[in-house]
Amino acid sequence: MLIRKIDGKEVISSDARSIGEVSGAYVDLDSWKINHLAVDLNTETIEMLGYKKPRTPFMGTVSVSMPIDAVKVAGDIITLKTKYDELPNLPIDKRNG
């Protein structure tokens, strides 16, 4: 899959709950492998993880860096290995918002 084709793909948990959508990928320049996905979280996931939702839509969303090894399947939809209620246990980093 081309990196430019990954933007906008829906990200779901292993129990099929929507988390958000991919907004980019982080590449390790030494190995030329994707090591994290940038994921713009949906409102429900922002609240579940305890992040503050932007006050206006113009301020964007909350984006996190999700480790690539958390991904089970990448296709039309990105499916994680983790159930929705286990997301707080993933080593994800908040990037903005």
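Only the coordinates and a few stated rules stand behind these numbers; no lab work does. Nothing here was measured: the structure is a model prediction, and the numbers come from that model. Every residue, glycine among them, receives a Cβ derived from its backbone with ideal geometry; neighbour counts consider all protein chains shown.
Semi-axes of the equivalent ellipsoid for the chain, computed as √(5λ) from the eigenvalues of its C-alpha gyration tensor and ordered from largest down, come to 20, 16, 13 Å.
Given Cα pairs under 8 Å that are at least 6 residues apart, what percent is the relative contact order of the chain?
Numbers: 187 pairs, mean separation 27.6, N = 97.
Taking the mean separation of contacting Cα pairs over the length of the chain, I get 28 percent.
Close amide H contacts of S14 (hydrogens built in the peptide plane, cut-off under 5 Å, sequence separation of 5 or more or a different chain): L80, T82, K83, Y84.
Taking amide H atoms as placed 1.01 Å from N in the peptide plane, the amide H of V27 lies under 5 Å from those of N35, each 5 or more residues away in sequence or on another chain. In the chain, the DSSP-assigned H stretches of four residues or longer account for a calculated mean residue ellipticity at 222 nm of -1500 deg cm²/dmol, using -39500 (n - 2.57) per stretch and the full residue count as denominator. In a DSSP loop and with at most 14 other Cβ atoms within 10 Å, the trypsin sites (Lys or Arg not before Pro) in segment 5-71 are K52, R55. Computed 3J(HN,Hα) for segment 36-52, one whole-Hz value per residue from the Karplus formula 6.51 cos²θ - 1.76 cosθ + 1.60 where θ = phi - 60°, is 8, 10, 8, 10, 7, 6, 7, 4, 4, 6, 4, 5, 4, 7, x, 8, 7, glycine and proline marked x.
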